[in-house]
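Input: a single structure, listed below in structure tokens.
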Amino acid sequence: MLAVQEKAKYWLVAGLALGGLACGKADDKKLDDIVTRLDRIEKKLDAPRPPLRPPTPPPPEADTKTVYSVPIDGDPFIGPAVAKVTVVEASDFA
Amino acid sequence: MVVKQFVVHPDTATIPALAVCAAQQQHKFHEMEKMIWDKGWPGERPGNLSREAMDTFAKELKLNMAKFKADIDGEHCKQQLAENKALLARLGTRGTPGFFINGRFLGGAMPIDRFKVLIDEEIKKADDALKSGAKLQDYYASIVANGKKSI
């Protein structure tokens, strides 16, 4: 990145210098201004930047230990009326 | 496996939720649920979850139409829907699908292994309880009685 910038700067300055010879000393100040601005741009490009967005924290582990009271009286079910394991599904047409 | 309606998208899901409740009054919950998913839910063709579509499905299922209409438009199913929503929300449900395995919450569409782990643990707990004298017909009721009532 830096090498490319240096080359670009070299050719730009060289080109402007040639142009400057053609145009005379009146353009020397403009050339200095351009080099100063180019230096400023390079400093900005090289400066460390903050990440675009803060890293997302991982989701908390789901709590599957707590036992909740889920009454099922009158609800539709599949399978035997009594069982060692009862699964209640929260469902919707969406 | 017990099903409770938890309406997340009221604009589309309320009418079919009332329809399965009304069908349940004639012991046809699962038949109506399947028909809504198969014929009413928009898939490769436009869906139809309208009130009129529910009547058509009920006729196909040969339900008593007078009773079906009374139930789908009546207060009982509306109240059941509201009560289930309030209950499940109080217990931490935020979307569907959500599952309670002997009262232990598993939210979202999880890999089958997540279910297997919990189910195997619960089978072992139940076996231990039965060996200690618990009765199978009272087992889930004891979970409901001792479980946490809200998050």
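The values are calculated or read from the model by the stated rules, or taken from the named source; none is laboratory data. In this text, all values refer to a predicted model and were calculated from it rather than measured experimentally. Positions of Cβ are backbone-derived with ideal geometry, glycine not excepted, and every protein chain shown enters the neighbour counts.
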* Structure fact -> Requiring at least 1 residues that are closer than 21 Å to B:V2 by Cα, the helices (runs of 4 or more DSSP H) wholly within region B:27-76 are B:29-35, B:65-73
* Structure fact -> Scanning region B:141-151 residue by residue, the ones that are in contact with a Lys or Arg (Cβ under 9 Å, 6 or more places away or on another chain) and surrounded by 13 or more Cβ atoms within 10 Å (Cβ to Cβ) total 0
* **Residues that are in contact with a helix residue (DSSP H, G or I) (Cβ under 8 Å, 6 or more places away or on another chain) and not in a loop (DSSP other than H, G, I, E, B), drawn from region B:95-121** => B:G98, B:F99, B:I101, B:R104, B:L106
* Would you be able to say whether some residue in region B:60-77 is more than 17 Å from the chain's Cα centre (by Cα) and within 30 Å of B:G147 (Cα to Cα)? => yes
* **Residue check for B:F68: farther than 29 Å from B:R94 by Cβ, touching a Gly at 6+ places or on another chain (Cβ under 9 Å) and of a type outside the set (D, E, K, R)** => no
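Which of the residues spanning region A:39-71 are of a type in the set (A, V, I, L, M, F, W, C), modelled with pLDDT under 90 and not in a loop (DSSP other than H, G, I, E, B)?
Of all residues in region A:39-71, those of a type in the set (A, V, I, L, M, F, W, C) come to A:41, A:45, A:47, A:52, A:62, A:67, A:70.
From what is left, the residues that are modelled with pLDDT under 90 are A:41, A:45, A:47, A:52, A:62.
Listed by number, the residues that qualify are A:I41, A:L45.
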* **Residue ID - nearest to B:P16 (Cα to Cα), chosen from residues in region B:95-104 that are under 15 Å from the mean Cα position of the chain (by Cα) and without any contact (Cβ under 8 Å) to a residue 40 or more places away in the chain** => B:P97
* **Considering residues of region B:124-147 that are assigned to a loop (DSSP other than H, G, I, E, B) and more than 7 Å from chain A (Cβ to nearest Cβ) only, the residue nearest to the chain's Cα centre (by Cα)** => B:K135
